[in-house]
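The values are calculated or read from the model by the stated rules, or taken from the named source; none is laboratory data. Being a predicted model, the structure only gives us computed values, none of them experimental. A quick note on method: Cβ atoms are made from the backbone with ideal geometry, for glycine too, and the neighbour counts reach across all protein chains shown. Quick note on the areas: whole protein, heavy atoms, side chains included, nothing else; ligands and nucleic acids left out. Shrake-Rupley method; radii C 1.70, N 1.55, O 1.52, S 1.80 Å.
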Amino acid sequence: MVHELTGLVGEPQNLVSYHLGKLRDGRLVSARRSSADRRDAYYTVDLARIAGLLSATGGALHPGLRLTPPSPDAAGPRAVRVLFLCTGNSARSLMAEALAIARSGGAIEAYSAGSHPKPMHPHALRVMRDEYGLDLTAQASKHLDVFVDQRFDWVISLCDRVREVCPQFPGHPETIHWSIANPAADDADDDATYPLFQQTAAELATRIGFLLAALSDRAPA
């Protein structure tokens, strides 16, 4: 959100908005309205595109400047506990949990929950199975109250609505908000809505890749 960015960079809103516009023109940043109240706008940096541009630039200058992705087990000696939250815990957070566990090589101990849990959406089960080789049949939706007394290193909200009601967890975990549109918003489960789940899964996979890079960067030498 713009007012959060102005606080982080210490610059006036008109200047921040100007540069956000330039970044959007360059397809480095995208924006979407909050699904909670439609008033706030969430800005998302396309880290994958930036990584590609940086890698191409470095490689063009010198082979030694090519970017090397971090290894999955580089996050440190202890598994990092991460809780993914969304409203229904029926698609986004369940997929994020599965992807984080599968792609971290044991570096992430992932969980998921929702403020108003609903049964897993069949498309979430399908996209994880068919496109990522992950079986979610043993997973079940859970209320966030199940975890309210547990300690986590990171709490990641995927939904604008759950961000508004997210409780305080013990130990002051690092909190992140990934504003990701709900692919199950209309509760439809026909083939026409399946591409929305494919897009959501792809975005989660990208974000989790960069989360692993952040964990690697913080790992002790």
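Quick notes on this one:
- Within the shell of other residues whose beta carbon sits under 15 angstrom from the beta carbon of ARG38, the net charge comes to +1, with Lys and Arg scored +1 and Asp and Glu -1.
- Within a Gaussian network of the chain (alpha carbon springs, distance under 10 Å), most fluctuating of GLY88, GLY106, GLY114: GLY106
- Isolated Cys residues of the chain, judged by Cβ distance under 4.7 Å to other cysteines: CYS166
- Signed unit charges on C-beta, dipole axis of the chain, positive-most listed residue LEU28, LEU61, PHE147: LEU61
- Residue with peak Gaussian network fluctuation, the chain [Cα springs, cutoff 10 Å], from SER55, SER34, SER93: SER55
- For the chain, the Cβ-based charge dipole about the Cα centre amounts to some 440 debye (Lys, Arg positive; Asp, Glu negative; other atoms uncharged).
- When the trypsin sites (Lys or Arg not before Pro) in region 75-171 are filtered for DSSP coil states and for at most 16 other beta-carbon atoms within 10 Å of their beta-carbon, the remaining sites are ARG78, LYS142, ARG151.
- Estimated 222 nm signal from helices in the chain, with DSSP H stretches of n ≥ 4 weighted -39500 (n - 2.57), rounded to 500: -13000 deg cm²/dmol
- Measuring nothing but how far apart in sequence close Cα pairs (under 8 Å, 6+ apart) lie, relative to its length, the chain scores a relative contact order of 19 percent.
- Rounded accessible area per residue of the chain, 1.4 Å, Å²: 55
- Among THR6, THR200, SER93 the positive-end extreme of the charge dipole of the chain (Cβ point charges): THR6
- Annotation for LEU5 and ASP149: the two label points, set 7 Å from Cα along the Cα-Cβ direction, are 4.2 nm apart.
- DSSP H segments from the chain that extend 20 Å or more along their own axis, Cα-based, with Kyte-Doolittle mean of 0.5 or above: 47-61
- Per-residue SASA entry for LEU144, accessible area with 1.4 Å probe, Å² rounded to 10: 10
- Computed over region 98-214, the convex hull of the alpha-carbon atoms projects to a mean area of 7.4 nm².
- Ligands, DNA and RNA left out, the accessible area of region 88-169 computed with a 1.4 Å probe is 49% carbon and sulfur.
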